[in-house]
Amino acid sequence: MLETGAHLSALASDSEAFIDLATDHLDRPVAACPDWTVADLVGHLGGVYSWAALVAGAGGDRPVVERESPPSDPDRLDAWFREQRAAVLDALTGHEPGEPAWVFVRSEPGTVGWWRRRQAMETAVHLHDMEQAVGSPGTMEAELAADGADEVLTEILPYYLSRRPVPDLKGSLHLHATDTAGEWSVDFSVSPAAISREHVKADTALRGPAAGLFLWLWNRQDAEQAGLEVFGDRSALDAWPQVRL
């Protein structure tokens, strides 16, 4: 797992790249988010930043103040997003990673460090969405992508499946990053699914670059698009699009 300082660096650089790409493209459709335009994507991520900043300052409690809503005037959207970006960076930098912070998953204890990671990964996903929308594909560093895959598998997926079971996810799944350290195994035959960071023989195996694993987990690319090798039973791959993180 990356250090929380690396999460802050990724959040700062990727959020700046995100809003720079949005300029002059607010009407473009966002393929990964049906019915959304780039303007909607900017409003969504800015609202997430507003919420994360509130959480970081709430001392472990869930904030009672509502997050900021994007302006209705598209000409004000750029400045509004940059305000929310500055606020979340200030809040996450101004509190130590070990300080308590409410989290929506079952991790205990919730910390500011958890939110540093979450915002870095939220931004990485939506930077990819932005790049696709404006026709400017980029690359994601392998170490950041592996850390993002780890977050999905060990934090987000158990929370998601506890609320929205996917009966078609059966058997076991193994993922192996080939360009950096990272292996994960998920056993869907038990409830809750058993997840480990190790090599275990599985019914289905995915092997390839960490960025490909990250984008596949977030349903941004299928296995072929992500450059992943598939071994064994493909049923888990067929069921995975039902997991809408």
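The values are calculated or read from the model by the stated rules, or taken from the named source; none is laboratory data. Because the structure is a prediction, the values reported are computed rather than measured. Cβ placement follows ideal geometry from the backbone for every residue including glycine, while neighbour counts extend to all protein chains displayed. For accessibility, only protein heavy atoms count, side chains too; no ligands or nucleic acids. Shrake-Rupley method; radii C 1.70, N 1.55, O 1.52, S 1.80 Å.
Side notes on the structure shown:
- The set of residues in region 216-234 that are closer than 16 Å to Ala32 by Cβ and either open to solvent by less than 20 Å² (accessible area, probe 1.4 Å) or of a type outside the set (Phe, Trp, Tyr) (or both) comprises Trp216, Leu217, Asn219, Arg220, Gln221, Asp222, Gln225, Ala226.
- Residue within region 83-99 that is of a type in the set (S, T, N, Q), open to solvent by 30 Å² or more (accessible area, probe 1.4 Å) and farther than 21 Å from Leu2 by Cα present: no
- Within region 107-135, being charged (D, E, K, R) and more than 17 Å from the chain's Cα centre (by Cα) holds for one residue alone: Glu108.
- When region 130-139 is filtered for residues that are surrounded by fewer than 21 Cβ atoms within 10 Å (Cβ to Cβ) and either in contact with a helix residue (DSSP H, G or I) (Cβ under 8 Å, 6 or more places away or on another chain) or not in a loop (DSSP other than H, G, I, E, B) (or both), the ones remaining, listed by number, are Glu131, Gln132, Val134, Ser136, Pro137, Gly138, Thr139.
- Among the residues here, Thr37 qualifies as at pLDDT 95 or above, in contact with a Lys or Arg (Cβ under 7 Å, 6 or more places away or on another chain) and not acidic (Asp, Glu).
- Per the conditions (1) under 18 Å from Asp238 (Cα atoms); (2) in a strand (DSSP E or B); (3) open to solvent by 20 Å² or more (accessible area, probe 1.4 Å); (4) not charged (D, E, K, R), the sole criterion not satisfied by Ala202 is (2).
- Among the candidates Pro158, Pro165, Pro109, Pro70, the residue that is part of a helix (DSSP H, G or I), free of Cβ contacts under 8 Å to residues at least 60 places away in the same chain, open to solvent by 30 Å² or more (accessible area, probe 1.4 Å) and not hydrophobic (A, V, I, L, M, F, W, C) is uniquely Pro158.
- Check on Trp80, surrounded by 14 or more Cβ atoms within 10 Å (Cβ to Cβ) and either among the polar types (S, T, N, Q) or in a helix (DSSP H, G or I) (or both): yes
- Cβ-Cβ under 7 Å pairs, at least 6 apart or on other chains, region 54-67 side farther than 18 Å from Pro97 by Cβ and part of a loop (DSSP other than H, G, I, E, B), far side open to solvent by 100 Å² or more (accessible area, probe 1.4 Å) and modelled with pLDDT under 95: none
- Within the option set Thr4, Thr23, being more than 22 Å from Asp150 (Cβ to Cβ) and at pLDDT below 95 holds for one residue only, Thr23.
- Some residue of region 235-245 being assigned to a loop (DSSP other than H, G, I, E, B), buried (at least 16 other Cβ atoms within 10 Å of the Cβ) and at pLDDT 95 or above: yes
- Among the residues listed as Val134, Val125, Val105, the single one being modelled with pLDDT under 95 and within 30 Å of Gln225 (Cβ to Cβ): Val105
- Single residue of region 20-44 satisfying the filter (part of a loop (DSSP other than H, G, I, E, B), in contact (Cβ under 8 Å) with a residue 24 or more places away in the chain and not small (Gly, Ala, Ser)) that is surrounded by the fewest Cβ atoms within 10 Å (Cβ to Cβ): Thr23
- Look at region 130-151: where a residue is in contact (Cβ under 8 Å) with a residue 60 or more places away in the chain and a partner is of a type in the set (Ser, Thr, Tyr), sitting 6+ places away or on another chain with Cβ atoms under 7 Å, you get Ala142/Thr180; Glu143/Thr180; Ala146/Thr180.
- Residues located in region 17-41, provided they are aliphatic (A, V, I, L, M) and in contact with a Pro (Cβ under 7 Å, 6 or more places away or on another chain): Leu26, Ala39
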